[in-house]
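Here, each number is a calculation from the coordinates, and none is a lab measurement. These figures come from a predicted structure and were not determined experimentally. Here the Cβ positions follow ideal geometry from the backbone for every residue, glycine too, while neighbour counts run over all protein chains shown.
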């Protein structure tokens with residue numbers, strides 16, 4: 001074999017290996033991605049029951065209910081067009097409250113999201129209450145932290 005033929009074989013082999021690696025990576029990513037939907041987007045698409053999904057929106061005012069006996073949280077996520085009921089067993093995050101942003105991850109069954117994770121959203125100016133109190137006491141509290 002000539003050196004030129006060996007180089008061509010090496011280049012073609014490298015390109016095949018690179019292409020195979022990219023395809024394998026893309027298929028793996030596709031299988032592990034969990035999409036973020038709003039309630040309106042959810043109802044416009046056909047989502048299979050028991051498929052893992054994330055739904056984001058605002059917790060509807062006066063919709064949050066807590067069952068202390070079973071440690072269950074019931075609330076409604078809305079995007080001000082459509083809404084979906086959510087059932088969550090466990091402790092909700094500290095930032096979770098009515099009228100604030102939330103992302104719930106779980107499975108849909110009969111138009112009810114049975115969430116296994118709740119993520120509370122906040123804006124970029126969020127500061128934990130304890131830290132803001134400490135800053136006020138120490139005198140380092142500035143107008144931009146309010």
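List of remarks:
- Linear extension gain, residue 45 paired with residue 20, 0.36 nm per residue minus alpha-carbon span: 5.8 nm
- Note on residue 5 and residue 89: the extension gain reaches 23.8 nm, defined as 0.36 nm multiplied by sequence separation minus the Cα-Cα distance.
- Our analysis of region 1-114 gives Rg over Rh at 1.35, with the two radii drawn from alpha carbon positions and Rh computed by the Kirkwood formula.
- A protection proxy built from the mean count of other Cβ atoms within 10 Å ranks the segments 94-103, 59-68, most packed first, as 94-103, 59-68.
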